[in-house]
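Student: My questions all concern the structure below.
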Amino acid sequence: MKTDGRPSLKTKASTVNAPVLAAEQCYAQPRSIPWLPQERAYELAGVPQFASSGAKIISVETYTKGNTLSVVRVKTDDGQEGWGQMSTYSADIAATVLHRLIASKVLGTDPVTLNDTSDRCVYDNHKYPWSFVCRALSGFDTAVWDLLGKREGKSVCELLGGKPRPFPIYASSMRRDIKPRDEAQRLTTIWRDKKGARAFKIRIGAVVGNNRDQWEGRTEDNVNTVRKALGDDMMLLVDANSCYTPDKIIALGQGLLADNNVCHLEEPCPYWELEWTAKVTREIKVPVAGGEQDNDIAQWRRMINMKAVDILQPDINYLGGLTRTLRVAQMAQQAGIPVVPHAANSSMITVFSLHLMGAIASAGPHLEFSIEGFPAAQGMYDPALKVVDGKVQIPSGPGWGVTISKKWLEGTTYQITQ
Ligand SMILES: [Mg+2]
């Protein structure tokens with residue numbers, strides 16, 4: 001029995017059928033982690049150091065399309081500019097947060113001090129942690145990366161030491177309302193046979209479904225039907241979107257998923273239940289993936305330290321931008337865990353993620369590529385991404401290597417802080 005006043009971890013863990021963890025596994029103890037030699041080592045990002053530019057950021061502008069998408073332009077007093085994007089899903093709220101809580105922290109800063117500026121935006125907003133602060137920050141951060149690339153005449157991928165090249169994708173289905181035979185049909189005839197994909201992700205269970213299926217028997221039918229249609233030599237990934245308790249998904253993982261040679265089980269349990277996820281990871285052979293929702297660097301450190309997953313899935317827009325994602329990628333590299341970012345639509349998030357994957361040592365074998373139409377992002381940037389032989393070219397021009405379309409900007413809601 002604990003006597004230090006904290007809740008008993010043993011009692012709490014037992015009630016949820018999760019493994020009993022020592023306190024040091026639940027609470028951040030950076031000094032005890034051999035691969036994090038300093039207390040704040042996670043802040044020593046793999047971000048390139050630039051000499052002072054002598055320029056100052058003078059404005060932050062947003063162009064917001066409904067509540068779906070919002071792009072950001074940052075300008076400096078020497079006439080340079082860069083374009084970024086905030087996260088999808090209530091992007092209009094992210095735009096408000098950017099102008100209200102972020103812009104005042106970044107105006108007047110030298111763009112090359114992005115690493116410090118990014119931290120200040122989080123620290124100074126410690127009363128409103130994560131979610132929308134990070135979603136808003138990601139718009140500023142990605143705009144500055146574009147500006148830095150243009151200033152150096154290099155793509156972001158090259159700035160980070162990578163090389164623009166065709167990068168493999170996995171064809172990612174977002175649908176649960178689709179019948180298994182129809183899912184198999186489009187994955188094989190379009191994405192395998194026409195576009196050359198070699199890896200495919202389908203949905204199992206229901207979103208945060210507490211062990212419910214979308215309809216009875218769908219998960220088993222979907223996995224069996226799609227695997228049979230694809231053939232044995234294709235990679236099959238599944239996403240449970242926080243559906244299951246450990247006992248249920250362990251049974252599925254040892255049976256259905258193992259029998260169908262699934263190579264990636266994503267978000268098996270409610271994502272905030274790291275101990276549940278870690279238990280699943282320990283008990284099944286199918287590799288477990290997670291992290292798309294997480295935006296707290298300390299939580300990432302815990303996740304990595306406790307080996308909660310086999311594959312890390314940062315989302316550049318949810319996490320607060322490329323700068324913070326590079327810190328996760330660096331921790332992943334030190335821990336020997338591959339990174340397969342979350343990039344669930346065809347907006348700029350897929351462009352950002354391609355540059356990341358072209359550069360980081362911890363890059364996994366493929367990047368998520370949504371197979372669903374996304375009308376709001378139609379014609380958003382040029383050149384559009386194209387899948388050829390299962391790969392997408394990492395844009396090679398300066399910055400992100402794409403231009404936001406003037407036509408797409410028409411009809412958006414404009415806001416400026418200067
Ligand atoms: Mg997912």
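Student: Can you confirm whether residue 295 is assigned by TED's automatic domain parsing to the domain that holds residue 269, within 16 Å of the ligand (Cβ to nearest atom) and within 10 Å of the chain's Cα centre (by Cα)?
Tutor: yes
Student: Next question, about the same structure. Would you list the helices (runs of 4 or more DSSP H) that sit entirely within region 108-221 and hold 3 or more residues that are of a type in the set (Gly, Ala, Ser)? Lay out the reasoning, then the answer.
Tutor: Working: elements: 114-123, 131-152, 156-159, 180-186.
Passing ranges, in order: 131-152.
Residue-wise test of (1) within 15 Å of the ligand (Cβ to nearest atom); (2) under 18 Å from residue 312 (Cα atoms); (3) not assigned by TED's automatic domain parsing to the domain that holds residue 305.
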residue	(1), (2), (3)
187	no, no, no
208	yes, no, no
213	no, no, no
217	no, no, no
221	no, no, no
237	yes, yes, no
248	no, no, no
272	yes, yes, no
282	no, yes, no
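Student: Also, quick follow-up: Kindly provide the set of residues from region 270-291 that are among the hydroxyl-bearing types (Ser, Thr, Tyr) and assigned to a helix (DSSP H, G or I), ordered by number.
Tutor: Result: 277, 281.
Student: I need a count of the residues in region 244-269 that are buried (at least 17 other Cβ atoms within 10 Å of the Cβ) and in a loop (DSSP other than H, G, I, E, B).
Tutor: 6
Student: Can you run down the residue pairs with Cβ atoms below 9 Å, 6 or more apart or on separate chains, where the first is in region 231-243 and farther than 18 Å from residue 215 by Cβ and in contact (Cβ under 8 Å) with a residue 60 or more places away in the chain and the partner is within 15 Å of the ligand (Cβ to nearest atom) and of a type in the set (S, T, N, Q)?
Tutor: 237/172
Student: Being more than 26 Å from residue 294 (Cβ to Cβ) and without any contact (Cβ under 8 Å) to a residue 12 or more places away in the chain is the requirement here; does residue 391 meet it?
Tutor: Values: more than 26 Å from residue 294 (Cβ to Cβ): yes; without any contact (Cβ under 8 Å) to a residue 12 or more places away in the chain: no.
Considered against the rule, which asks whether it is more than 26 Å from residue 294 (Cβ to Cβ) and without any contact (Cβ under 8 Å) to a residue 12 or more places away in the chain, residue 391 comes out as no.
Student: I'd like to know if region 313-331 contains one or more residues that are among the acidic types (Asp, Glu), closer than 24 Å to residue 249 by Cβ and either more than 16 Å from the ligand (Cβ to nearest atom) or at pLDDT below 95 (or both).
Tutor: no
Student: Would you be able to tell me the number of residues in region 74-95 that are of a type outside the set (Gly, Ala, Ser), part of a loop (DSSP other than H, G, I, E, B) and more than 17 Å from residue 409 (Cα to Cα)?
Tutor: Step one: list which residues in region 74-95 are of a type outside the set (Gly, Ala, Ser), which gives 74-78, 80-81, 83, 85-86, 88-89, 92-93.
This time we only want the ones that are part of a loop (DSSP other than H, G, I, E, B), so: 77-78, 80, 86, 88-89.
Subsequent filtering for residues that are more than 17 Å from residue 409 (Cα to Cα) retains 77-78, 80, 89.
Qualifying residue count, region 74-95: 4.
Student: Here is a follow-up. For residue 287, are the conditions met, namely being in contact with a Gly (Cβ under 8 Å, 6 or more places away or on another chain), within 25 Å of residue 369 (Cβ to Cβ) and either touching a residue at least 24 places away in the same chain (Cβ under 8 Å) or more than 15 Å from the ligand (Cβ to nearest atom) (or both)? Before the answer, list the steps.
Tutor: Values: in contact with a Gly (Cβ under 8 Å, 6 or more places away or on another chain): no; within 25 Å of residue 369 (Cβ to Cβ): yes; either touching a residue at least 24 places away in the same chain (Cβ under 8 Å) or more than 15 Å from the ligand (Cβ to nearest atom) (or both): yes.
Taking the combined requirement at face value, the residue does not satisfy it.
The values are calculated or read from the model by the stated rules, or taken from the named source; none is laboratory data. Source: prediction; values computed, not measured. Methodologically, a virtual Cβ is constructed for each residue, glycine included, from the backbone with ideal geometry; neighbour enumeration extends over all protein chains shown.
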